[in-house]
Amino acid sequence: MPFSTTIANALLARFHAQAGTTESPSNLWVGLHVGNPGGDGQAGLEVSGGAYARVPFDDWTTAAGRLFTNNSAITWATATASWGKPDHVTLWKHATSQTAANFCGYGSLLPALPVPAASIAKLDTGIVKISMPG
């Protein structure tokens, strides 16, 4: 039995620590992958090298219609070497550091996001969509 939209929105808000919950909205990080990362985030290849690091991001819309999205652009540091063409975005909950991270989910980037050396990877507002199916 699928959740109602009301319950799905409440669960998404709780997951993402929207206003009115008891959790802090800190320690959510966004990463880039080349290839599907799979259900545990270990498949495919997370971008590495060239000054790549997951970025902390806490500016999300309020959950509505079983969905929330990034409320502003997500921007990484300038690539010092090519990051290839990431085609998936990943979401991580970091307890204290990247090594203590829990994989939360992923989505496709269509088209892939080419990141040559000396460029800045950026996902515009509304590109990352976190949803709960009905």
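Worth a mention:
- Cβ-Cβ distance of SER131 and THR80, R₀ of 35 Å, FRET efficiency by 1/(1 + (r/R0)^6): the value works out to about 0.55.
- Database remark: amide H of SER119 closer than 5 angstrom to the amide H of ALA79 (H placed geometrically; neighbours at sequence offset of 5 or more, or on other chains; Pro and chain starts carry no H).
- Per-peptide packing, taken as the mean over residues of other Cβ atoms within 10 Å, places 35-45, 53-63 in the sequence 53-63, 35-45 from highest down.
None of the figures in this text is laboratory data; all of them are computed from the coordinates on show. Note that the coordinates shown come from a computational prediction; the quantities given were computed from them, not determined experimentally. Cβ coordinates were reconstructed from backbone atoms using ideal geometry, including for glycine residues, and neighbour counts include every protein chain displayed.
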